[in-house]
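The values are calculated or read from the model by the stated rules, or taken from the named source; none is laboratory data. Everything numeric here is computed off the predicted structure, so don't read it as measured data. Cβ sites come from the backbone with ideal geometry, for glycine too, and all protein chains shown count toward neighbours. We work out accessible area using only protein heavy atoms, side chains counted, and drop any ligands, DNA or RNA first. Shrake-Rupley method; radii C 1.70, N 1.55, O 1.52, S 1.80 Å.
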Amino acid sequence: MSVLDNFTFATNWSPILFTLFLGITLLYLYITGPGRSRVANSEPVPLSKKFWFVSGMVTLYAALGSPIDILGHFMFTFHMISMALAFIAAPPMLLGGMPEWLLVPIGKLPGIHRLKFVLNPFVTLVLFNF
């Protein structure tokens, strides 16, 4: 008998989080696919970028919505696996899957230029570890 036998399917696999991540992934695939014509200055997104984004979402779900998360409440090893997947593995995959034309409008938000110091590698290292 394992620890996971005490939990329901919904607790082990978090269908709410699955639905949220699936919705985000489908929205991304729509915006970078058939809906791309609605975005000004957009370019075709290669299949490799889409693969990285979907892989990042799957990795994030594995970290936060799978039994790894539940086991993390019982064993520190699984907690650290969950955190490594969520904070170290998934973000580069998600960013690697984002086309430039989708990120450029974020840089044009008012006041965002004041936060450029955050892009310094030393500052990001300190903030990450904080």
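Just a few scattered comments:
- Residue within segment 78-92 that is more than 20 Å from ASP5 (Cα to Cα) and touching a Lys or Arg at 6+ places or on another chain (Cβ under 6 Å) present: no
- Failed item, numbered, when SER55 is tested on (1) modelled with pLDDT of 95 or more; (2) in contact with a Lys or Arg (Cβ under 7 Å, 6 or more places away or on another chain): (2)
- Of all the criteria given as (1) among the aliphatic types (A, V, I, L, M); (2) open to solvent by 40 Å² or more (accessible area, probe 1.4 Å); (3) modelled with pLDDT of 85 or more, the one not satisfied by LEU115 is (3).
- Checked against (1) open to solvent by 70 Å² or more (accessible area, probe 1.4 Å); (2) within 26 Å of VAL58 (Cα to Cα); (3) modelled with pLDDT of 85 or more; (4) not aliphatic (A, V, I, L, M), PHE128 passes all but condition (3).
- Residue satisfying all of: in segment 32-65; in a loop (DSSP other than H, G, I, E, B) and buried (at least 18 other Cβ atoms within 10 Å of the Cβ); farthest from the chain's Cα centre (by Cα) among these: VAL45
- Filter result for the condition that a residue is at negative phi and not in a helix (DSSP H, G or I), over HIS79, HIS73: HIS73
- Restricting attention to segment 87-128, the residues being closer than 24 Å to ILE31 by Cβ and touching a Ser or Thr at 6+ places or on another chain (Cβ under 8 Å) number 7.
- Considering each residue of segment 79-93 in turn, none proves to be loosely packed, with under 12 Cβ neighbours inside 10 Å, within 21 Å of PHE9 (Cβ to Cβ) and of a type outside the set (A, V, I, L, M).
- Only one of the listed residues (LEU119, LEU94) is more than 22 Å from VAL54 (Cβ to Cβ) and among the aliphatic types (A, V, I, L, M). That residue is LEU119.
- Residues within segment 15-31 that are open to solvent by 50 Å² or more (accessible area, probe 1.4 Å) and free of Cβ contacts under 8 Å to residues at least 40 places away in the same chain, tallied: 10
- Residues of segment 109-130 that turn out to be more than 13 Å from PHE87 (Cβ to Cβ) and among the aromatic types (Phe, Trp, Tyr), as a count: 2
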